[in-house]
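Colleague: Here it is, the structure, as structure tokens.
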Amino acid sequence: MNHPVRILISLALLALVLAAATCAAPAVPTTGQPTAQPAAAPIMTTTAQPAERPTGQSSQEKPTPMCAKTLNIAHRGARSLAPENTLVAAQKGLEIGADLWELDVAMSADGVPFLVHDDTLVRTSNVKAVFPDRSPWGNHLFTWAEIQQLDFGSWFVATDPFKQIAAGNVSPAELESYKGVKAPSLREALAFTRDHDWRVNVEIKDLSGTPGDATVVETVVALVNELGMADRVLISSFNHSYLVRVKQANPAIATAALVERGDPDPVALLRRLGAQAYNPRASAIAADEIGRIRQAGFDVYIWTVNDEATMRKLIAAQASGIFTDFPQLLKPLVTRCP
Ligand code: G3P
Ligand code: CA
């Protein structure tokens, strides 16, 4: 074979080898970073499953949980010891060693998501004294600037709702610090959580019938995304259409269906919603049902439990987590994960 022919054959062989290598090689992200995961990360326990898991898939296919610890969830912060849905209540939950805290979020008149449980500002602030002519004092009737003028702490000091001040479990210095406490915006609450390397269950209140209904979900998800907290947040709601909207906005955020009276088929409900967890009132679920739902690959977080006997029963039933106003009571009862 003469020299030019050998060169031509060599070039042809080289081209074939290169073509084969290109076809066989997997796509590699050019940045060297992992590719985005479309499914929700298992932020709370090891059992959360992808939103897109097809119905009928066997529970045997999921990995065995490495740790069956029941999570201690400080409800509205440690609200037996500090004014609910404030950063001082979150701080108390953190000091106690809760695994995460829960907060309630609603919208101001000018579209700022902030922490409040009720539909109005009456019970947990001095709104009636500051704005006496603004009955019925609905959350959505006040701008964020107005809400920031309110005191969300003194009512707790005055009413001692869980009798923990009377019991001597709140120090005089803490009591003093609660006076004048402000309602945090959701941005502040999320930043607090991230800055303390903690986790949070964001309950989006049902804002049906108010302007916030159209935007609250997307506003909350945008904040979670902006702060890079998709893996630290569980979003729940009694309004299950909100959970579908969360998944549309960011499928990587874990969601939980809150239920008041129990659902006849929780697993089917969660699959329909693409949710990761079932969050029933304690009286609305039996111990064996907890096991069945968890076997199907979902978490079960139960609210709101303040007595030790029920806590022990739910831990024995392997509830994924317990919401409590007394995380200090639950703390010594829950197993530590390695
Ligand atoms: O998320 C559990 C619990 O907080 C739901 O009820 O009324 O306390 O917000 P509620
Ligand atoms: Ca709540």
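The values are calculated or read from the model by the stated rules, or taken from the named source; none is laboratory data. Treat the numbers as computed from the prediction; the structure is a model and nothing was measured. Every residue, glycine among them, receives a Cβ derived from its backbone with ideal geometry; neighbour counts consider all protein chains shown.
Colleague: Output the number of residues of region 164-192 satisfying the condition of being surrounded by 15 or more Cβ atoms within 10 Å (Cβ to Cβ) and part of a loop (DSSP other than H, G, I, E, B).
Modeller: Number of matching residues: 7.
Colleague: If a residue has to be under 14 Å from ILE290 (Cα atoms) and out of contact with any Pro (no Cβ under 7 Å at 6 or more places or on another chain) to count, how many in region 258-270 make the cut?
Modeller: Total meeting the criteria: 6.
Colleague: Quick check on this structure: which one of ALA98, ALA106, ALA89 is in a helix (DSSP H, G or I), under 22 Å from ARG194 (Cβ atoms) and within 16 Å of ligand 1 (Cβ to nearest atom)?
Modeller: Numbers: ALA98 fails: in a helix (DSSP H, G or I); ALA106 fails: in a helix (DSSP H, G or I).
None of the others qualify; the one that does is ALA89.
To keep it simple, each residue is scored yes or no on (1) within 16 Å of ligand 2 (Cβ to nearest atom); (2) over 22 Å from PHE238 (Cα atoms); (3) out of contact with any His (no Cβ under 7 Å at 6 or more places or on another chain); (4) of a type outside the set (D, E, K, R).
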{"residue": "ALA282", "(1), (2), (3), (4)": "yes, no, yes, yes"}
{"residue": "ALA296", "(1), (2), (3), (4)": "no, no, yes, yes"}
{"residue": "LYS313", "(1), (2), (3), (4)": "no, yes, yes, no"}
{"residue": "ALA317", "(1), (2), (3), (4)": "no, yes, yes, yes"}
{"residue": "PHE326", "(1), (2), (3), (4)": "yes, yes, yes, yes"}
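Colleague: From ARG272, ARG245, ARG292, which residue is more than 16 Å from ligand 1 (Cβ to nearest atom) and touching a helix residue (DSSP H, G or I) at 6+ places or on another chain (Cβ under 6 Å)?
Modeller: Numbers: ARG272 fails: touching a helix residue (DSSP H, G or I) at 6+ places or on another chain (Cβ under 6 Å); ARG292 fails: touching a helix residue (DSSP H, G or I) at 6+ places or on another chain (Cβ under 6 Å).
After ruling out the rest, the residue left standing is ARG245.
Colleague: Would you check which residues across region 124-141 are within 13 Å of ALA183 (Cα to Cα) and either of a type in the set (A, V, I, L, M, F, W, C) or out of contact with any strand residue (DSSP E or B) (no Cβ under 6 Å at 6 or more places or on another chain) (or both) and list them? It would help to see each step written out before you state the result.
Modeller: Restricting attention to region 124-141, the residues satisfying the condition of being within 13 Å of ALA183 (Cα to Cα) are 124-127, 139.
Scanning region 124-141 gives THR124, SER125, ASN126, VAL127.
Colleague: Can you tell me which residues in region 309-334 are in a loop (DSSP other than H, G, I, E, B) and surrounded by 21 or more Cβ atoms within 10 Å (Cβ to Cβ)?
Modeller: Of region 309-334, the ones in a loop (DSSP other than H, G, I, E, B) are 317-320, 325-326, 334.
Of everything in region 309-334, those that are in a loop (DSSP other than H, G, I, E, B) and surrounded by 21 or more Cβ atoms within 10 Å (Cβ to Cβ) turn out to be ALA319, SER320, ASP325, PHE326.
Colleague: Then there is this: Could we say that ALA257 is free of Cβ contacts under 8 Å to residues at least 24 places away in the same chain and within 16 Å of ligand 2 (Cβ to nearest atom) here? Reasoning before the result, please.
Modeller: Numbers: free of Cβ contacts under 8 Å to residues at least 24 places away in the same chain: yes; within 16 Å of ligand 2 (Cβ to nearest atom): yes.
Spelling it out, ALA257 is indeed free of Cβ contacts under 8 Å to residues at least 24 places away in the same chain and within 16 Å of ligand 2 (Cβ to nearest atom).
Colleague: Taking region 119-143 as the region of interest, how many residues are part of a loop (DSSP other than H, G, I, E, B), over 15 Å from PRO184 (Cα atoms) and either within 16 Å of ligand 2 (Cβ to nearest atom) or touching a residue at least 60 places away in the same chain (Cβ under 8 Å) (or both)? Walk me through how you get there before you give the answer.
Modeller: Just the residues of region 119-143 that are part of a loop (DSSP other than H, G, I, E, B), to begin with: 119, 121-126, 131-137, 142-143.
Next cut, over 15 Å from PRO184 (Cα atoms) only: 119, 122-123, 126, 131-137.
The next check asks that each one be either within 16 Å of ligand 2 (Cβ to nearest atom) or touching a residue at least 60 places away in the same chain (Cβ under 8 Å) (or both); those that pass are 119, 123.
Total satisfying the criteria: 2.
Colleague: For region 276-294, enumerate the residues that are closer than 10 Å to GLU260 by Cα and among the basic types (Lys, Arg).
Modeller: Answer for region 276-294, where residues must be closer than 10 Å to GLU260 by Cα and among the basic types (Lys, Arg): just ARG281.
Colleague: I'd like to verify a number: residues in region 193-245 that are part of a helix (DSSP H, G or I) and charged (D, E, K, R), how many? Give the steps one after another, and end with the answer.
Modeller: The initial filter retains those residues of region 193-245 that are part of a helix (DSSP H, G or I), namely 193-195, 211-214, 216-226, 240-245.
Now narrow it down to the ones that are charged (D, E, K, R): 194-195, 213, 218, 226, 245.
Going through region 193-245 one residue at a time, the tally reaches 6.
Colleague: Quick one: is ALA158 small (Gly, Ala, Ser) and within 16 Å of ligand 1 (Cβ to nearest atom)?
Modeller: On the way: small (Gly, Ala, Ser): yes; within 16 Å of ligand 1 (Cβ to nearest atom): no.
Against the criterion (small (Gly, Ala, Ser) and within 16 Å of ligand 1 (Cβ to nearest atom)), ALA158 does not qualify.
Colleague: Would you mind telling me which numbered condition in (1) under 24 Å from the mean Cα position of the chain (by Cα); (2) hydrophobic (A, V, I, L, M, F, W, C); (3) at pLDDT 95 or above MET44 fails?
Modeller: The failed condition is (3).
Colleague: List pairs: first in region 212-224 and charged (D, E, K, R), second in a helix (DSSP H, G or I), Cβ under 6 Å, 6+ apart or cross-chain?
Modeller: GLU218/ALA249
Colleague: Let me ask another. Here are the criteria: (1) touching a residue at least 24 places away in the same chain (Cβ under 8 Å); (2) buried (at least 20 other Cβ atoms within 10 Å of the Cβ); (3) not in a helix (DSSP H, G or I). Tell me which single one PHE156 does not satisfy.
Modeller: Failed condition: (3).
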